[in-house]
């Protein structure tokens, strides 16, 4: 079946089955490899992308459910004001260690800041819940979100 998708502002076509996870369409069909496969069950957040502005786990989102909703991936989030601030903050705070989870972390953080530009610690905890980091850089992730929000210094 052919799906016409809006990915990062561009029209892309994928000839896949409707139950194919969006993650595999992005990575294997369209060559957008920023979102990572972690658990395959929506527990780790490594595959997080935005679907119509909301963070979703691409590993369990069937492409047939996307419809006409725009998809934004880590490859394009830096072109948004919030995404650019987050990427700069991630670098200034030196968040990443292995980096595997970071695309998903940034995508969840970008969705948070789009909804709550000045988040509290509780807001950050709620938004980032389910984004796992095996290197345990959670303190630096929180700090980078606060730096991007302008409520902390690097």
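The values are calculated or read from the model by the stated rules, or taken from the named source; none is laboratory data. As the structure is a prediction and not an experimental result, all values here were calculated from the model. Note that each Cβ is placed from the backbone with ideal geometry, even for glycine, and that neighbours are counted across all protein chains shown.
If only one of 144, 136, 126, 109 is in contact (Cβ under 8 Å) with a residue 40 or more places away in the chain and out of contact with any strand residue (DSSP E or B) (no Cβ under 6 Å at 6 or more places or on another chain), which one is it? Lay out the reasoning, then the answer.
Values: 136 fails: in contact (Cβ under 8 Å) with a residue 40 or more places away in the chain; 126 fails: in contact (Cβ under 8 Å) with a residue 40 or more places away in the chain; 109 fails: in contact (Cβ under 8 Å) with a residue 40 or more places away in the chain.
Unique residue meeting the criteria: 144.
Answer yes or no: is there a residue in region 38-48 that is in a loop (DSSP other than H, G, I, E, B), surrounded by 22 or more Cβ atoms within 10 Å (Cβ to Cβ) and on the phi > 0 side of the Ramachandran plot. Spell out the reasoning first.
Taking region 38-48 as the starting set, the residues that turn out to be in a loop (DSSP other than H, G, I, E, B) are 38-47.
Still in the running and surrounded by 22 or more Cβ atoms within 10 Å (Cβ to Cβ): 38, 44-47.
Okay, now just the ones that are also on the phi > 0 side of the Ramachandran plot, so 45.
Yes, that holds for at least one residue.
The set of residues from region 52-74 being crowded, with 18+ Cβ neighbours inside 10 Å and not in a loop (DSSP other than H, G, I, E, B) comprises 55, 56, 57, 63, 71, 72, 74. For the structure I just gave you, tell me whether residue 44 is modelled with pLDDT under 95 and out of contact with any strand residue (DSSP E or B) (no Cβ under 8 Å at 6 or more places or on another chain). No: the conditions fail for residue 44.
Since residue 116 meets every condition but one in (1) under 22 Å from residue 52 (Cα atoms); (2) in contact with a helix residue (DSSP H, G or I) (Cβ under 8 Å, 6 or more places away or on another chain); (3) buried (at least 20 other Cβ atoms within 10 Å of the Cβ), which condition does it not meet? Evaluating residue 116 over (1) under 22 Å from residue 52 (Cα atoms); (2) in contact with a helix residue (DSSP H, G or I) (Cβ under 8 Å, 6 or more places away or on another chain); (3) buried (at least 20 other Cβ atoms within 10 Å of the Cβ) leaves (3) as the failure. When region 119-133 is filtered for residues that are assigned to a loop (DSSP other than H, G, I, E, B) and surrounded by 12 or more Cβ atoms within 10 Å (Cβ to Cβ), the ones remaining, listed by number, are 119, 130, 131, 132, 133.
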